[in-house]
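The block underneath contains the structure these notes are about, expressed in C-alpha cells.
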Amino acid sequence: MGIITISRGSYSRGNEIANRLAEKLGYKCISREILLKASKDFNIPELTLNQAIRTAPSVLDFLTNKKRKYIKYIRHAFLERILQDNIVYHGFAGHFLSKDVPNVLKVRITADTDFRIKRVMLNENISETEARKYLQQIDAERRKWSLSLYNIDQTDIDLYDAVIHISCMNVEGAVSILYDLARKPCFQTTAETKKKLTELMAESGL
C-alpha cells in the first residue's frame, strides 16, 4: 500500500508508465481527477485551476496572490484524495503537491530531446523544426512556473527518489523497476504516515 507521483517531461511516455504501473500494483491511476475535485469542492472553474498549475504567475497574480490560492485548493484536493491510499498520480506538479508527505515514491520520467522530438512529430504531424520549438516552449514555461512559485527547478534530480531515462528503455522495463521499488518498506503506508497526512491537510486551513 502506498502513493506514487510521476513527474514526466512532455512526450516521454510518462502517462503510459503511470497507467501500466498502477495496473500492475492494483492501484488507482489519477491525473485530471484532482483538478475536477478541487473545482467541485471550491467552486472554481476547472480551466482556471488548470491555468494556475500549468502557467507561470503574471504580475497581476503576484499582486493578488490569486494563483497561490488556487494551488492551495489543488493541494488540499490532492492530499484528501491520496489519504485513500494506493494511488499513482501523474498529473502536473505531483512533486510539489506531495511536499512533506511521508512515504511517497517520487519518480521522474525523462527522455533525450531527439526521442521527444520524434514523438511530437508523429503525434502532432509537424516538422522537426516545429517540434523542437514546441518542446522548448513547453519546457521553458514549466521551468518558469516552478521557479516562480517555489524557486525549484522541476528537473532537479534531488526532488525525486528515482529518475528513469526512457530513451534506452521500454515502458515495461521502467514499470518493472518501479514496481519493485514501490514495494520497499520505506514507501509503504503506515498509521504514522496517515496521521502526518491528516495533519498536513489540517494545516492548510481549508
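The values are calculated or read from the model by the stated rules, or taken from the named source; none is laboratory data. Quick caveat: nothing in here was measured; it's all calculated off a predicted structure. Cβ placement follows ideal geometry from the backbone for every residue including glycine, while neighbour counts extend to all protein chains displayed.
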Q: Go through segment 152-180 and give me each residue that's under 17 Å from the mean Cα position of the chain (by Cα) and either of a type in the set (S, T, N, Q) or closer than 16 Å to F92 by Cα (or both).
A: I152, D153, Q154, T155, D156, L159, Y160
Q: State whether the residues of segment 122-141 include one that is surrounded by fewer than 16 Cβ atoms within 10 Å (Cβ to Cβ) and within 24 Å of L83 (Cβ to Cβ).
A: no
Q.
Can you find a residue that is assigned to a loop (DSSP other than H, G, I, E, B), touching a residue at least 24 places away in the same chain (Cβ under 8 Å), out of contact with any strand residue (DSSP E or B) (no Cβ under 8 Å at 6 or more places or on another chain) and of a type in the set (A, V, I, L, M, F, W, C) anywhere in segment 137-156?
A. yes
Q) Can you tell me which residues in segment 1-58 are among the basic types (K, R) and in contact with a helix residue (DSSP H, G or I) (Cβ under 6 Å, 6 or more places away or on another chain)? A) R8, R13, R20, K24, K37
Q | Hits in segment 184-195 - residues which are closer than 19 Å to V88 by Cα and either touching a residue at least 60 places away in the same chain (Cβ under 8 Å) or touching a Cys at 6+ places or on another chain (Cβ under 7 Å) (or both) | A | C186, F187, Q188, T189, T190, T193, K194
Q. Being assigned to a helix (DSSP H, G or I) and either of a type outside the set (A, V, I, L, M, F, W, C) or crowded, with 19+ Cβ neighbours inside 10 Å (or both), is that true of even one residue in segment 98-112?
A. no
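Consider segment 4-18. How many of its residues are outside any helix (DSSP H, G or I) and among the charged types (D, E, K, R)? Give the derivation first.
Restricting attention to segment 4-18, the residues satisfying the condition of being outside any helix (DSSP H, G or I) are 4-13.
Checking the rest, the ones that are also among the charged types (D, E, K, R) come to 8, 13.
Adding up the residues that qualify gives 2.
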Q | One residue from L35, L79, L21 being modelled with pLDDT under 90 and part of a helix (DSSP H, G or I) | A | L35
Q: Working only within segment 174-188, note down all residues that are surrounded by 19 or more Cβ atoms within 10 Å (Cβ to Cβ) and among the β-branched types (V, I, T).
A: V175
Q. Which pairs have Cβ atoms under 8 Å, sit 6 or more apart or on different chains, and link a residue in segment 23-34 that is crowded, with 19+ Cβ neighbours inside 10 Å to one that is among the acidic types (D, E) and in a helix (DSSP H, G or I)?
A. C29/E23
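Within 19 Å of L197 (Cβ to Cβ), of a type in the set (D, E, K, R) and at pLDDT 90 or above: is that true of K72 in this structure? Break it down into steps so the answer makes sense when it comes.
Numbers: within 19 Å of L197 (Cβ to Cβ): yes; of a type in the set (D, E, K, R): yes; at pLDDT 90 or above: no.
No, not satisfied.
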